[in-house]
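What follows is a short report on a single structure.
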Amino acid sequence: MRDLVREVVAEHAAHELPLVDSLRALDDDRVVRTLAGGGQKREPLGFGYAEVSALVTPVLWLVLDQAARRTVDRATEGLMARGRTGVRRLLGRAPDPANRTLIALDPGELALVRTHIVEQATERGTDRREAEALADSVVARISTAAATDEEPPETPGTAS
């Protein structure tokens, strides 16, 4: 998820890369609290959350974090339905809670991510066309990553 945010920000708002890079040093829960405005305190450098709200980075990070949480919840529910063996497997391979990842999203979930990005970006002052381009870029990257992950790796000597 972090790489996805950085790639899209680099393409659409390169001036925000220092912000993205500084946030990448934090765990996802702290990033979300910071970008969502939780625990607002006086910033010693004079760069407060009001300035952050007009940026692309918070829109992307918060929407993708929400999508990642939903996909993890869905996967966990599926494992719970399969019984304790599935839960043991999940606990044995639990992802790093500090860095959430996006599990493959179905077309409906991708559409929802796109809609949320467009809505959030336009609410924060981004032009509608730019918000749609931003959302399309995110959806394309997620789809491409999912398609790449599904293809079996090619081993040397097996190419036809």
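Data for the structure
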quantity: Test: residue in the range 44-53 that is touching a Ser or Thr at 6+ places or on another chain (Cβ under 9 Å) and either at pLDDT 55 or above or within 17 Å of residue 135 (Cα to Cα) (or both); calculated: no
quantity: Members of the range 103-156 found to be assigned to a helix (DSSP H, G or I), of a type in the set (Ser, Thr, Tyr) and either at pLDDT below 90 or surrounded by fewer than 17 Cβ atoms within 10 Å (Cβ to Cβ) (or both), listed by number; calculated: 115, 122, 143, 144, 148
quantity: For residue 66: the one exception among (1) open to solvent by 70 Å² or more (accessible area, probe 1.4 Å); (2) modelled with pLDDT under 85; (3) of a type in the set (S, T, N, Q); calculated: (2)
quantity: Flag if residue 134 is out of contact with any Lys or Arg (no Cβ under 7 Å at 6 or more places or on another chain), in contact (Cβ under 8 Å) with a residue 24 or more places away in the chain, of a type outside the set (Phe, Trp, Tyr) and within 19 Å of residue 10 (Cβ to Cβ); calculated: yes
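The values are calculated or read from the model by the stated rules, or taken from the named source; none is laboratory data. Please read these numbers as outputs of a predicted model, since none were measured by experiment. Here the Cβ is made from the backbone with ideal geometry for all residues, glycine too, and neighbour counts use every protein chain on show. Each accessible area value is taken on the protein alone, full model and side chains, heavy atoms only, with ligands, DNA and RNA left out. Shrake-Rupley method; radii C 1.70, N 1.55, O 1.52, S 1.80 Å.
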